[in-house]
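K.L.:
If you scroll down you'll find the structure; I have some questions about it.
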Amino acid sequence: RNERNAIIQHGTMTMIRRQVLEQVGGWAEWSITEDAELGLRVFEHGLEATYIPRSYGRGLMPDTFLDYKKQRFRWAYGAIQILKRHAGRLFRFGSPLTPGQRYHFIAGWLPWLADGLNLLFNLAAMSWSLAMINYPHRIDPPLMIFSALPLTLFTFKIAKLVHLYRTRVGANLRQTLAAALAGLALTHTIGIAVVSG
């Protein structure tokens, strides 16, 4: 992302020049994730961001699972807000954003969208199951293709998580499984955030 000038800005330990902040119109009070939205506007104005691999301070992690859940809801909901507001510049040719910038922003938020789709598939599966129970002679089991898609998405998500945590983060097996469990525990929360957004 740094090489493509496509860093998704996060508020903790981000420094921005006051002149740039004023040039792009300041913080977006309408956005629940104003830091990421600001970073996108910086790129839309043709400006640059740089990653510096040095820590200038420390941020706080959520202390409890409830706080972690609230944080993830906010991030997913905010991503959808930004996607809706900036859709023209993210999806249209002739945008001030480069193809690499558009790719990284959209790809960075696709996992949130996948959880939203998964929620809808789960609701449809539960509705179909109830219909089969109530009307067994009229409603047949769904075609295998309808079951294959959610199972494939789930398998891909777990495989990706295990691969990234083991190779990029350097987590051991126990840490990787704990991260997978925490992530899966929030799938419903993120799905609700995406659908709400």
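K.L.:
For segment 144-157, which residues satisfy the criterion of being among the aliphatic types (A, V, I, L, M) and without any contact (Cβ under 8 Å) to a residue 12 or more places away in the chain? Lay out the reasoning, then the answer.
P.N.:
Of the residues in segment 144-157, the ones among the aliphatic types (A, V, I, L, M) are 144-145, 148-149, 151, 153.
Met144, Ile145, Ala148, Leu151, listed by residue number.
K.L.:
On to the next question. Looking at (1) within 14 Å of Ile190 (Cβ to Cβ); (2) touching a residue at least 24 places away in the same chain (Cβ under 8 Å), which is the only condition Lys84 fails?
P.N.:
Lys84 satisfies all of (1) within 14 Å of Ile190 (Cβ to Cβ); (2) touching a residue at least 24 places away in the same chain (Cβ under 8 Å) except (1).
K.L.:
Give the residue, chosen from Glu22, Glu37, that is over 19 Å from Thr98 (Cβ atoms) and among the charged types (D, E, K, R).
P.N.:
Glu22
K.L.:
Show the residue pairs meeting these rules: Cβ distance below 6 Å; 6+ apart or different chains; first residue within segment 158-180 and among the aromatic types (Phe, Trp, Tyr); second residue part of a helix (DSSP H, G or I).
P.N.:
Tyr165/Thr176; Tyr165/Ala179
K.L.:
Which of the residues spanning segment 48-62 are more than 22 Å from the chain's Cα centre (by Cα) and open to solvent by 30 Å² or more (accessible area, probe 1.4 Å)? Let's see the steps before the verdict.
P.N.:
Going through segment 48-62, the residues more than 22 Å from the chain's Cα centre (by Cα) turn out to be 48, 52-58.
Answer for segment 48-62, where residues must be more than 22 Å from the chain's Cα centre (by Cα) and open to solvent by 30 Å² or more (accessible area, probe 1.4 Å): Glu48, Ile52, Pro53, Arg54, Ser55, Tyr56, Arg58.
K.L.:
Another question, if that's okay. Pick from Trp75, Trp112: which is outside any loop (DSSP other than H, G, I, E, B), among the aromatic types (Phe, Trp, Tyr), open to solvent by less than 80 Å² (accessible area, probe 1.4 Å) and touching a helix residue (DSSP H, G or I) at 6+ places or on another chain (Cβ under 9 Å)? Lay out the reasoning, then the answer.
P.N.:
On the way: Trp75 fails: open to solvent by less than 80 Å² (accessible area, probe 1.4 Å).
The conditions single out Trp112.
K.L.:
Go through segment 1-37 and give me each residue that's free of Cβ contacts under 8 Å to residues at least 24 places away in the same chain and aromatic (Phe, Trp, Tyr).
P.N.:
Trp27
Conditions tested, residue by residue: (1) in contact with a helix residue (DSSP H, G or I) (Cβ under 7 Å, 6 or more places away or on another chain); (2) of a type in the set (D, E, K, R); (3) surrounded by 13 or more Cβ atoms within 10 Å (Cβ to Cβ).
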| position | (1), (2), (3) |
| --- | --- |
| Gly26 | no, no, no |
| Ala36 | yes, no, yes |
| Gly46 | no, no, no |
| Thr64 | no, no, no |
| Arg89 | yes, yes, yes |
| Arg92 | no, yes, no |
| Tyr103 | no, no, yes |
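K.L.:
Let me ask something else. Criterion first (without any contact (Cβ under 8 Å) to a residue 60 or more places away in the chain, assigned to a loop (DSSP other than H, G, I, E, B), of a type in the set (Gly, Ala, Ser) and at positive phi) does Gly59 satisfy it? Before you say what the answer is, go through the steps one by one.
P.N.:
On the way: without any contact (Cβ under 8 Å) to a residue 60 or more places away in the chain: yes; assigned to a loop (DSSP other than H, G, I, E, B): yes; of a type in the set (Gly, Ala, Ser): yes; at positive phi: no.
In short, no.
K.L.:
To continue, here is another question. What tally of residues in segment 78-87 results from selecting those that are of a type in the set (D, E, K, R) and touching a helix residue (DSSP H, G or I) at 6+ places or on another chain (Cβ under 9 Å)? Even if it seems obvious, please write down each step before you answer.
P.N.:
Step one: list which residues in segment 78-87 are of a type in the set (D, E, K, R), which gives 84-85.
Okay, now just the ones that are also touching a helix residue (DSSP H, G or I) at 6+ places or on another chain (Cβ under 9 Å), so 85.
Residues flagged as of a type in the set (D, E, K, R) and touching a helix residue (DSSP H, G or I) at 6+ places or on another chain (Cβ under 9 Å) within segment 78-87 amount to 1.
The values are calculated or read from the model by the stated rules, or taken from the named source; none is laboratory data. Values in this document were obtained by computation on a predicted structure and should not be read as measured data. All Cβ positions, even for glycine, are placed from backbone atoms using ideal geometry, and neighbour counts span all protein chains on display. What goes into the accessible areas is simple: the full protein's heavy atoms, side chains included, and nothing from ligands, DNA or RNA. Shrake-Rupley method; radii C 1.70, N 1.55, O 1.52, S 1.80 Å.
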